[in-house]
Each structure stands twice: as structure tokens, then as C-alpha cells.
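Shown next, in C-alpha cells, is the structure this report addresses.
The values are calculated or read from the model by the stated rules, or taken from the named source; none is laboratory data. Source: prediction; values computed, not measured. Note that we place each Cβ from the backbone using ideal geometry, even for glycine, and neighbour counts take in every protein chain shown.
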Amino acid sequence: MKPTLLLIGERALELRERLEASGYDTVGWSGSDAVQSIGAGLIPQDRVKAVLITSDELAVVPLLQKSCGAGDRVPLLVEAMADDLAARSQCLKLGANDFWVQDGPPSDLLQRLRLQLALEPRPHSLFDAPAGDTKQATLKLLDLRLEPRQRRAWRGERELQLTEREYSLLLLLLEHQGGSVSRQTILEEVWGQSDEEANANVIEVYVRYLRRKLEENGERRLIHTVRGVGYTLRS
């Protein structure tokens, strides 16, 4: 059975033909129809595998989160004007998993969808540790600082706008700084999966995303590849 995508908003619906040609089924609405349909429970929850929503329909995100677990059990991708800090910040604030650029190439959206659909949602986040847990202590390496209690990270004075998985990956690497973290461990701890061969490319993509954010202003590289093993965070 083809994975079904829920499209919310006119510009998302305009992607229907391309998405269906790429092997997806689609269902969707816009405007008041979206609010009424979601409120009436018309979302086929047993079939929907991801949600795409346009920037002018963000008011219905809470409804989607409540009705079908968008951003948690089901990946949520929000529309952005550009691939920049503002888009990442909005993605984080909404509890979305990723974003898609309004005028970006369709291949970029398809890649983002494949990355999200290749992974099962984690039952628990790494930062959901109980009060008093040692994982709640501030973690540092040179000018990189992460505050687990606040779920925030900085490179120098610059706050990093991270998605949940990017944050979880950075937390894992900081907890093991100076040592090597295998791809198998990353899959199990960040995504709750163990099929390393099937998901190796996904890890590489997210490491690239994280490196880009850590080195956005030309800062020195902290995440290094350990050939044949995985990755390490060191100065």
C-alpha cells in the first residue's frame, strides 16, 4: 500500500500531482474545509504517514497534533519562505519535524519526506529524563554549550535552532565527547531503530545538517567522522 500524505493548504494541494507521481497517495483540504474536516475526524489515521502544511494554515497545527499526532507519531513538515534561521526557528516552535521551501525544487521536498518516512518515531526523547538525572547537567565543549533542562544549545553567543532529532543527536555526542559513537548506537538512541544498513544514509544527512548549523559562522569543526565506526565530538 502506498504511504498517504495529508496536505493542508492550497500550495500543498498544488503538489498533489507531483507527489502522487512519486508514489504517494494524498488527501487534503484548505481553509475552512480543513478546520471542519479535521474537527469532524475525517483524517484517515490508519493511512496517513506524514503531514504537509502551508504557512497560511498554521492555526490548525494544534488540531493536527491532537487528532493524528502530527509532529510526534506522524512527521509534520511546514512550509517556509526560505531555508534559513527563521524557518528553522518556526519549525522548532511549532513542534514540526522539518520544513519545505515554498519555491524550492520538488526533489528537496521529496528527499525530506523520504528521510522522515524512513524512520519510526521515538517513544521517548533523550531529554525527557527525570529531575535530578545526571543528563540534566549543562554539557560543554569549547564554545559549544547545551542545557538539557531548557532543551537549548549555543555556539558561543549564537543560539542553535535545532529540530528534535538534531538536538537528540547533539546531546548524544556531547554525552560521549572525546569517544566514538557508533552508527548503531545513534540509530538506537536517537531513532529507536537498529537497522544500521537501511538507515546509514539518514544518519549522514542529519550529521551534515548538524554540522552546517554548528559551523554556520565559520566556527571550527567539532563533529568528526570515525571511519568504519561512526562519529566523535572533540576539539
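Observations on the model:
- Candidates in segment 58-114 are the residues that are touching a Pro at 6+ places or on another chain (Cβ under 9 Å) and farther than 16 Å from A12 by Cβ; of these, the one that is modelled with the lowest pLDDT is D72.
- Output for segment 145-163, where each listed residue is within 21 Å of the chain's Cα centre (by Cα), of a type outside the set (D, E, K, R) and either surrounded by fewer than 19 Cβ atoms within 10 Å (Cβ to Cβ) or closer than 14 Å to S235 by Cβ (or both): Q150, W154
- Taking each residue of segment 140-152 that is assigned by TED's automatic domain parsing to the domain that holds L171 and looking for partners that are in a strand (DSSP E or B) and aliphatic (A, V, I, L, M) with beta-carbon atoms closer than 6 Å, six or more apart or interchain, yields L146/L139; L146/A153.
- Of the residues making up segment 61-78, those that are under 19 Å from E166 (Cα atoms) and crowded, with 20+ Cβ neighbours inside 10 Å are A70, G71, V74, P75, L76, L77, V78.
- Of the helices (runs of 4 or more DSSP H) entirely within segment 164-235, those holding at least 2 residues that are assigned by TED's automatic domain parsing to the domain that holds L139, surrounded by fewer than 17 Cβ atoms within 10 Å (Cβ to Cβ) and at pLDDT below 85 occupy 196-214.
- Some residue of segment 67-83 being touching a helix residue (DSSP H, G or I) at 6+ places or on another chain (Cβ under 9 Å) and either in the same structural domain as R208 (by TED's automatic domain parsing) or among the polar types (S, T, N, Q) (or both): yes
- Residue list for segment 199-235, restricted to those being closer than 15 Å to L162 by Cα and among the aromatic types (F, W, Y): Y206, Y209
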